[in-house]
Amino acid sequence: MMMTKKYILNLIISWITLSLGAHTLYAQEKKEVQYGPVSPEKRTDPAMEKWRDNRFGQFIHWGLYAIPAGYWKGKYYKGAAEWLKSWAKVPMNEWAKLAEEFNPEQYDPEEWASMAKQMGARYVVLTTKHHEGFCLWPSQYTDFDISNTPYQKDLLKPFVEAYNKAGIDVYFYYSVLDWYHPDWRYALKSEEDKQAFERFKTFTKNQLSELIERYPSVKGFWFDGTWDASWKASGQFSYELEKHMKQLKPGLIINSRMRADEWGSRHFDSNGQMMGDYASGWERKLPTDTSVLHNDWEACMTVPENQWGYHKNWEGHVKTPTELIEMMVRCTALSGNFLLNFGPKEDGSIREEEQLLVKEIGNWMEQYGNAIYNCAYAGLEKQDWGYFTREPGSKTVNMVVCNIPVNKALRIQLPKNLFIQHYEYMGKPLSKLTLEEIGKNEYFIHLGKVKTKQPFVINIQLTSEKTDNGLYQKAKT
Ligand code: FHN
């Protein structure tokens, strides 16, 4: 007993010490940040509202890595295909020779755009240059580009045109990390490194300006490859670059990965303020709670475990359409976007598994897309059968049911003073629904003989005035 008392006392003392310590530390560490967020407040302009409303996007990783597709000199490498150069330790001059083979004759951007539309994607993010440094457009700042391949023609122009024609917003992925460029540096250890990296920064700024000027309908940039010490030491530059790009194209949207502050803090500045317009650190993982609501955010997801570029073998767990739909719903329910990756083959065609996904996700979106587009966190506690989403300001709440309970009864716990006024299926009715009030602001929606295994949506309308207008049945009659 004595031991327990002493133990508890010690615990309390260490808790107080830790809290005071953390507080002092925090107070000490609050930094003067000059190169933090360019737009410190959550953006509410039409471009950003559109980004939010889109909710579902297609990510495309396409580059020279689609040629070896996970194999080098007959040897199989199971890591991400776009990193093969690194796994197989291929010298750059050898890797660069792949450009001599790149001839995507099956490339049909209209077909890609129509697939994306069928799937329900409202925006697309395409790798204009990945870590290998190869550019899908004819860039005046490098020879390592599409014009020096047998294909020769610009891949981006028809891409942008086709997607825009299909009503899909185009974003460009751009890797700062560049394995090809002679001035790229991982760290700035010498004066020579610093000078080289200054040239690299000019190259980066030139290429980004070029992309904005050549493809003026681009809605934003998705930066990557910004984790090395050299970029982390370029806080002022990244701040000025973001400003410059937004001056060239007002309304441009830039992800948090692009930025570092002058202290080397990435995504969020040294005082915890998000930099860029949305948090883009959610890669192959999703948030689980409402702590993300403070900022706009997006999660990007692969279909297999960790493959972005085309890999001949998809090993490990390859996600089902239902899993991916649930992920998208979860993002919407927490006011985030979901970006689903595709890796086209070297000839420009799309692998069969991805074509199947397009159909399945597309069918679902056709019926239930209204529970995703324009929707966000519903302001209600998550329930076990799935997720609530809601268009901001609307009285109608979408219940996206992902797990049907064995008793076919969906329990709904509402906050105090909120009642269900109306309930019905979104789209085609799947069974006869009945409502039962089981407690204070607590209900069951009984599904009856519902057969589907796919997620589906029930719309409920909420009211703050409880009126027994006969729309629900009471538990105790
Ligand atoms: O290294 C890349 C990877 O190849 C892929 O492009 C992903 C997509 O988010 N980003 C990097 C890893 O964070």
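Some notes on this structure:
- Number of the exception - Ala187 against (1) farther than 24 Å from Ala99 by Cα; (2) outside any loop (DSSP other than H, G, I, E, B); (3) among the small types (Gly, Ala, Ser): (2)
- Among the residues making up region 242-281, a single one is among the hydrophobic types (A, V, I, L, M, F, W, C), open to solvent by 50 Å² or more (accessible area, probe 1.4 Å) and in a loop (DSSP other than H, G, I, E, B): Trp263.
- Any chance Pro138 is open to solvent by 40 Å² or more (accessible area, probe 1.4 Å), over 24 Å from Arg55 (Cβ atoms) and not in a strand (DSSP E or B): no
- Count of region 225-241 residues, restricted to those that are of a type in the set (Asp, Glu) and part of a helix (DSSP H, G or I), is 1.
- Residue match in region 375-392 (condition: closer than 30 Å to Pro304 by Cβ and acidic (Asp, Glu)): yes
- Single residue of region 290-323 satisfying the filter (among the acidic types (Asp, Glu) and touching a residue at least 12 places away in the same chain (Cβ under 8 Å)) that is farthest from Gly79 (Cα to Cα): Asp296
- Listed by position, the helices (runs of 4 or more DSSP H) inside region 19-135 whose residues that are closer than 29 Å to Asp277 by Cβ number at least 1 are 46-54, 109-119.
- Test result for Ala113, buried (at least 23 other Cβ atoms within 10 Å of the Cβ), within 28 Å of Glu213 (Cβ to Cβ) and at pLDDT 95 or above: yes
- Qualifying residue in region 24-36 (condition: surrounded by 11 or more Cβ atoms within 10 Å (Cβ to Cβ), of a type in the set (S, T, N, Q) and farther than 29 Å from Glu305 by Cβ): yes
- Selection from region 63-82 of residues that are away from the ligand (no atom under 16 Å from the Cβ) and among the charged types (D, E, K, R): Lys73, Lys75
- Among the residues examined, Ser291 does not qualify as among the small types (Gly, Ala, Ser), outside the structural domain of Gln383 (by TED's automatic domain parsing), within 13 Å of the ligand (Cβ to nearest atom) and closer than 29 Å to Ala376 by Cβ.
- Matching strands (runs of 3 or more DSSP E) fully within region 407-464 where at least 3 residues are in contact (Cβ under 8 Å) with a residue 12 or more places away in the chain and out of contact with any Phe, Trp or Tyr (no Cβ under 6 Å at 6 or more places or on another chain): 419-425, 442-446, 456-463
- Applying the condition of being within 12 Å of Ile67 (Cα to Cα) and without any contact (Cβ under 8 Å) to a residue 40 or more places away in the chain to region 85-106 and asking which residue is least open to solvent (accessible area, probe 1.4 Å) yields Leu98.
- Test: Tyr423 is open to solvent by 10 Å² or more (accessible area, probe 1.4 Å) and closer than 28 Å to Asp277 by Cβ: no
- When region 169-214 is limited to residues that are among the hydroxyl-bearing types (Ser, Thr, Tyr) and within 16 Å of the ligand (Cβ to nearest atom), the one that is surrounded by the fewest Cβ atoms within 10 Å (Cβ to Cβ) turns out to be Tyr186.
- Picking from residues in region 439-448 that are exposed (fewer than 15 other Cβ atoms within 10 Å of the Cβ) and modelled with pLDDT of 95 or more, the one that is nearest to Pro405 (Cα to Cα) is Gly448.
- Yes/no for Lys408 being surrounded by fewer than 15 Cβ atoms within 10 Å (Cβ to Cβ) and at pLDDT below 95: no
- Residue count for region 91-137, restricted to those that are over 24 Å from the mean Cα position of the chain (by Cα) and within 16 Å of the ligand (Cβ to nearest atom): 1
- Among residues of region 294-329, those that are away from the ligand (no atom under 14 Å from the Cβ) and of a type in the set (Ser, Thr, Tyr), counted: 2
- Filter result (assigned to a helix (DSSP H, G or I) and either surrounded by fewer than 21 Cβ atoms within 10 Å (Cβ to Cβ) or of a type in the set (D, E, K, R) (or both)) within region 141-161: Ile146, Ser147, Asn148, Lys157, Pro158, Glu161
- Some residue of region 295-313 being over 17 Å from the mean Cα position of the chain (by Cα) and surrounded by fewer than 18 Cβ atoms within 10 Å (Cβ to Cβ): yes
- Residue within region 387-405 that is more than 34 Å from the chain's Cα centre (by Cα), open to solvent by 50 Å² or more (accessible area, probe 1.4 Å) and either under 17 Å from Cys331 (Cβ atoms) or not assigned by TED's automatic domain parsing to the domain that holds Ile168 (or both) present: no
- Being of a type outside the set (Ser, Thr, Tyr) and either more than 30 Å from Gly57 (Cα to Cα) or open to solvent by less than 20 Å² (accessible area, probe 1.4 Å) (or both) holds for only one residue in Leu430, Leu414, and it is Leu414.
- Residue, farthest from Ala162 (Cα to Cα), within region 215-230, restricted to residues that are in contact with a Phe, Trp or Tyr (Cβ under 7 Å, 6 or more places away or on another chain) and within 12 Å of the ligand (Cβ to nearest atom): Asp228
The values are calculated or read from the model by the stated rules, or taken from the named source; none is laboratory data. Just so we're clear, the structure is a prediction, and the values are computed from it rather than from any experiment. Note that each Cβ is placed from the backbone with ideal geometry, even for glycine, and that neighbours are counted across all protein chains shown. In case anyone asks, the SASA skips ligands and DNA or RNA and just uses the protein heavy atoms, side chains included. Shrake-Rupley method; radii C 1.70, N 1.55, O 1.52, S 1.80 Å.
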